[in-house]
1. Calculate the translational D of the range B:57-104 in whole µm² s⁻¹ from Stokes-Einstein, where the hydrodynamic radius comes from the Kirkwood formula applied to all Cα pairs, the temperature is 37 °C and the viscosity 0.692 mPa s.
2. Take the Cα radius of gyration of the protein assembly as shown and divide it by 2.2 N^0.38 Å, with N its residue count; two decimals is plenty.
3. Put one equal scatterer on each alpha carbon of the range B:118-211, apply the Debye formula with no solvent term, and list log10 I(q)/I(0) at q = 0.12, 0.21, 0.26 1/Å to two decimals.
4. Report, by chain and number, residues whose modeled amide H sits under 5 Å from the one on B:Glu204, excluding near sequence neighbours (fewer than 5 apart, same chain).
5. Which value in Å does the Kirkwood hydrodynamic radius of the range A:381-480 take, with 1/r averaged over all unlike C-alpha pairs and then inverted?
6. Cα convex hull of the range A:84-228: how many Å³ per residue?
7. Find out how many positive minus negative residues lie around B:Leu44, taking Lys and Arg as positive, Asp and Glu as negative, among other residues whose Cβ is under 12 Å from that of B:Leu44.
8. Which residues' amide hydrogens lie under 5 Å from the amide hydrogen of B:Val17, considering only partners 5 or more residues apart or on another chain, with H built in the peptide plane?
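Each reported figure results from applying straightforward, stated rules to the coordinates on display, with no laboratory input. These numbers come from a predicted model, not from an experiment. Note: ideal-geometry Cβ built from the backbone for every residue, glycine included; neighbour counts use all protein chains shown.
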Amino acid sequence: MSNRSLRAAIPALVWLAIFLLLPVVVLLTAQVEASDISRVLTRQSTWRIAWFSLWQALASVIATFALALPLTWFIGRHQFRGRGVVRAFASVGFFLPSVVVAAGFIALLPTRLHVSLAAMIAAHAYFNIAVVLRVIAPRLETFDIGLLAAARTLGAGALRTFTSVAWPAMRTAVVSAAGVVFIYCFTSYAVVRTLGGVTRNTIESDIAVRAYAIGDLGGAVVLSLVQVVVIATVVLLGRALARDAATAPRRTTLTLTAAAGVRAIVGAVIIVATLTVVAAPLIALAISSLQVGDTWSFAGWRSLIDNGAVAATPESAPAAATSAFALVDSLVTSGRTAVLAAIVALVLATGLARTVVRLGTRGRWLDAVSMVPLIVSPVTLGLGLVVTFDSGWYDWRGTWWFVAVVHSVVGLPLAVRVLVPVWRNVAPSLRDAAAVLGATPRQRFIDIDLRLLRPALVAAAGLVAAVSLGEFGAASMLSRSGAETLPVMIARLLGRTGDLVRTQAFVLATVLVVACVSALLLVESGARNHSHPRDNTHA
Amino acid sequence: MLDVVDLTVRRGAQVVVRRADLLVKHGERVAVHGPSGCGKTTLLHAIAGLLAVDTGQILLDGVDITATAANRRGIGVVFQDDQLFPHFDVAENVAYSLRVQGVARRERRRHADDWLERVGLGGFAQRTINSLSGGEAKRVALARTLAASPRVVLLDEPLTGLDASLHDRLLIDLRLLFDQLQTTVVLVTHDRDEGAALAHRATEFSALLRE
C-alpha cells in the first residue's frame with residue numbers, strides 16, 4: 001500500500017484518533033478502577049436497568065414491525081402512483097431529531113400518557129418505520145413470486161411454502177432490520193429521558209445520570225462497556241442469523257404488480273393509516289406551538305423574536321418563560337454547529353472516501369475504521385470528551401465549536417457511506433481521458449471526481465447537518481448554559497413547568513422539523529440529481 | 001516520430017506486452033491487428049502514459065518520454081468507449097484541453113465550435129453527452145482529442161459498435177481528416193478492413209513482439 005494512497009485519509013484518521021479514540025482510552029484508563037467494575041456489576045439496580053433496556057428495546061422492535069410491516073408489504077409488492085412519495089413521507093420520522101419526536105408525542109397524547117412506557121415505545125416505533133421499510137421493502141421488490149407457486153405445485157402447503165421459500169429469501173432483511181431497530185431503541189436517550197420520566201432508566205440514560213447527576217464517572221464507564229458488549233452481541237447474533245447469502249434472490253429486477261380491486265382498497269387503507277400515524281405528532285406539534293394552555297396564542301412564536309411581547313402575556317413570569325435571547329441563541333448555535341459539522345465532516349470524509357476507493361479491496365479495513373463512531377454512543381463520546389479536554393489550553397468544553405467537532409465525528413461515517421459507493425462508480429477511464437488531454441492530477445480530481453461527486457457531496461453535507469441539528473446525547477453533555485443547541489433547549493423546556501415554556505418547546509421543535517426536512521430535501525435532491533457517471537452510453 | 005523500443009508491460013503479476021517494438025514515422029498511420037485480449041489496448045495505454053512500463057523505452061521525436069506523465073506527453077487517445085465527460089456539454093468536452101491550460105471560456109467555445117464544424121457536428125456545442133448517438137459521440141471524442149493538438153493520436157477500436165452505414169461514413173471522414181491534418185496515428189483494431197481503409201500500413205500485434 002503506497003503512502004500516497006493513504007495521505008488523503010490522514011486528516012480523518014487523526015481527527016478520529018483525537019476526538020474518538022483518545023476520549024475512549026482516557027475514559028477506560030483514567031476513570032475506571034477494578035472496584036468500579038465489581039461495584040456496578042454486583043449492584044441489583046444495574047441488572048434491573050439492563051433488563052429494562054433489553055425488554056423495552058424488544059417491545060419497541062415488535063411495535064415497530066407491527067406498525068411498519070403492512071406498508072412495507074404493500075410498497076414492496078405493488079406498483080402504484082405516488083409510491084415514491086409515500087415511501088419518503090413514511091420515512092420522515094427516522095430523520096427527525098429524537099427530542100422533536102418526543103415533543104410531538106407529548107403534543108399528541110393526553111397528559112396522563114406524557115410520561116409513560118406506552119409513549120416511549122410508540123415514539124421508538126415511530127422512528128423506526130423507515131428502517132423496516134427501507135431494509136425489507138427492497139428485498140420484497142425483487143422476490144420472485146413465481147417461486148411460491150412453484151413450491152405449491154410441488155405439494156408444499158401454505159406454511160411449508162412460507163418456511164421453505166419465502167422466509168429464507170426474506171430472513172437477512174428481516175434480521176437486519178430487527179437488529180438495527182433493537183440497537184437504536186437499546187441506546188435511545190432523548191426519548192427515554194423525555195417520555196420515560198425519572199423512574200425509567202435505560203443503560204444509556206443511566207450513563208448520563210451517573211456521569212452528570214451523581215458524578216460517578218467510573219460507574220458510567222462500566223455501563224458504557226456493558227452497553228458495547230450487548231451491542232456487539234446483537235451484531236454478531238444478527239450476522240449469524242443472517243448468513244444466507246446463498247438464498248439471496250438471483251434476479252435483481254423489480255417484480256411488482258399493479259394494485260387493483262380489493263388489494264387497492266386494502267393498500268389505500270394501509271397508506272392512509274400509516275401516513276396518519278406519521279403526520280399526527282408533527283401536526284400536533286405545529287398546533288401546540290399556537291396554544292398556551294388551552295388558549296390559542298402566538299406568544300410562543302413571538303417569544304422567538306420579541307421578548308417584550310412575551311413579557312406582556314400573563315404566563316410569562318420570569319421564572320417560567322425562557323427569554324427570546326436564549327431561544328434565538330439556541331437557533332443560531334444549532335445552525336452554526338450544523339454548518340461547521342457538515343463542512344468538517346465533508347472535508348474529512350472526502351479524503352477518507354478517496355483513499356478507500358483508491359485502495360479497492362485493500363481499503364476494507366479503512367472503511368471499517370470509518371464506521372467506528374457508530375458503535376460508540378454519543379452520550380459515551382460526550383462523556384469521554386468532557387473528561388479528556390478539561391484543563392489548560394485544551395479545555396474546550398465551554399466553546400460552541402466543540403459540539404460541532406463531536407457532530408463531525410458522529411456524522412463522518414454517514415458521509416463516508418454516501419460518498420464511497422458513488423465514487424466507486426466514477427469510471428477511472430474518465431480520469432485517463434482527462435490525463436491524456438493534459439489535466440494534472442489536481443485538475444483531474446477537481447474536474448472529474450469532484451464534479452461527478454457534487455450531488456453526493458451535497459447529500460452528505462445535508463445528512464451530517466440533519467444529524468447535527470437533531471443530535472442530543474453528546475450535545476446535552478457539552479452544551480454550556482446560554483449556548484444550548486435546539487434539541488438540548490427543547491428538552492430543557494419540556495422538563496420545566498409552565499404553559500408558555502412548553503409552548504416554546506413546541507415552537508422550537510416545529511422550527512427543528514422545518515430545518516431537518518429542508519436538510520433532507522437537500523439530501524433527496526442530491527440523490528435525485530445524481531448523474532450516473534458510468535452511464536455515458538449514447539442513444 | 002514515435003519509437004517504441006523493447007517495451008514490456010505488466011498488469012499485476014501478468015506480463016501483457018512482452019518486448020514490443022513499434023516505429024511510426026511523422027504523418028504515418030499504422031494499424032495494429034490482433035484478437036481481443038492480446039494486449040493491443042495495454043500497448044496503447046503504455047504509450048499514452050496511462051500504464052507504467054516495466055522495461056523498454058518510448059521515444060517521441062527522439063526524446064525519451066517513458067517516464068513522462070500522461071498529461072505532459074502530447075499523445076492523444078480516442079478510447080474505445082469514447083470516455084466523454086458526462087457532466088460537461090459537448091463544447092466543454094471538445095475544449096477540455098484548453099480548459100486545463102486556463103484558456104478563457106469564450107476562446108474555448110470558439111475553438112470547440114471550430115473543431116465541431118470539422119467533424120461535421122456544427123451546432124452540437126451545447127448538447128449533453130447523453131443525447132448523442134453512437135456516431136456523434138465518436139465524432140465528439142475525435143474532435144476532443146484533435147483539439148488538444150497531439151503529436152500522435154492513438155485510436156483504440158475507434159469504430160466498434162457502430163452500425164454499418166455509420167461505420168463506413170465515419171471511416172471516410174476520419175481518413176479525410178487525418179490526410180488533411182497529416183496526423184501521426186496508431187490504430188488498434190480487430191477489423192482488418194478498417195485498418196486497411198484508414199492506415200498506410202498494417203501489422204499484426206504478435207509481429208511487434210521480439211519473441
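1. 255 µm²/s
2. 1.16
3. Debye output, listed in q order: -0.41, -1.15, -1.59.
4. For B:Glu204, whose amide H was placed from the backbone, the distant partners under 5 Å are B:His33.
5. The Cα-based Kirkwood calculation yields 15.9 Å.
6. Convex hull volume per residue, Cα atoms: 145 Å³.
7. Taking every Cβ under 12 Å from that of B:Leu44, the sum is -2.
8. B:Val9
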